[in-house]
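Worksheet: the structure to be examined is printed underneath.
The values are calculated or read from the model by the stated rules, or taken from the named source; none is laboratory data. Being a predicted model, the structure only gives us computed values, none of them experimental. Methodologically, a virtual Cβ is constructed for each residue, glycine included, from the backbone with ideal geometry; neighbour enumeration extends over all protein chains shown. Note: areas computed on protein heavy atoms with side chains; ligands, DNA, RNA excluded. Shrake-Rupley method; radii C 1.70, N 1.55, O 1.52, S 1.80 Å.
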Amino acid sequence: MTTPKINVTPLIDVLLVLLIIFMVVAPLKPASFKAKVPSEPNPLTTPETNVNSLVVTVDPHLRLALNKINGLGTTDDPSALVTKLKDTFEQRQENGVFDERGNVLKTVFIKAPRNIGYGNVVKVIDAVKMAGAEPMALQIDYLE
């Protein structure tokens, strides 16, 4: 009885062909991509803010504010913020404040300092979602 011998020559041929293909294709892949990065803002000019912008601010003591209206709870109890946002969205429905697609304008920006915990920001995001806001955006720089 003879022992079977495995012929590995075809396997090596296939591996060499694959190696050659990868060596030829590797230089063709893009080494970088172009991104549009905003320029540094001019500190002498203040940007115009939209009157319909809603900015939820989390201060370093985890208190919440909506467009400079303080006393809307904390990150652990954001129920006052949720109520205020729902009331704002209802008023916008009644007053006809719509976006370009005809939906009620419910965009909310969440502004928080870098040094607070991520879990606290997530609690605020959940509260803003509960109020019905969509879309949401996060801001961290230039906190007043």
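General observations
- Around the amide H of residue 139, modelled in the peptide plane, lie the amide H atoms of 110, 111, 112, all under 5 Å away and 5 or more residues distant in sequence or on another chain.
- The chain: angle of helix 9-25 to the longest principal axis, Cα-based, in degrees nearest 10: 40
- Using a probe of 1.4 Å, the accessible surface attributed to residue 94 totals some 150 Å² when neighbouring protein chains are kept in position.
- Fully extending the segment from residue 83 to residue 53, taken as 0.36 nm per residue of separation minus the present Cα-Cα distance, adds 9.1 nm.
- Distance between the pseudo-spin-label points of residue 70 and residue 126 (7 Å out from Cα toward the beta carbon): 2.7 nm.
- Relative to the Cα centre, the charge distribution of the chain, modelled as +1 at Lys and Arg Cβ and -1 at Asp and Glu Cβ, gives a dipole magnitude of about 440 debye.
- Under-5 Å amide H pairs with residue 66, H placed in peptide plane, nonlocal only: 57
- Alpha carbon Rg of the chain, scaled by the compact-globule rule 2.2 N^0.38 Å: 1.89
- Point-to-point label distance, residue 40-residue 97, nm (Cα→Cβ direction, 7 Å offset): 3.5
- Projecting the Cα atoms of 37, 64, 130 onto the dipole axis of the stretch 35-136, where Lys and Arg carry +1 and Asp and Glu carry -1 at the beta carbon, places 37 farthest toward the positive end.
- Exposure of residue 57 as accessible area (Å², to 10), given a probe of 1.4 Å and all protein chains: 40
- On Cα atoms only, tilt of 118-131 relative to the major axis of the chain in degrees: 60
- Accessible solvent surface per residue of the chain, calculated while the other protein chains remain in place, 1.4 angstrom probe, Å²: 80
- Residue-normalised convex hull volume from the C-alpha trace of the stretch 62-132: 93 Å³ per residue.
- Calculated Rg and Dmax of the stretch 92-144 using C-alpha coordinates, Å: 13.4, 39
- 222 nm mean residue ellipticity, helices alone, for the chain (DSSP H n ≥ 4; -39,500 (n - 2.57); rounded to 500): -11000 deg cm²/dmol
- Once the chain from residue 105 to residue 13 is taken as fully extended at 0.36 nm per residue, the excess over their C-alpha distance is 26.9 nm.
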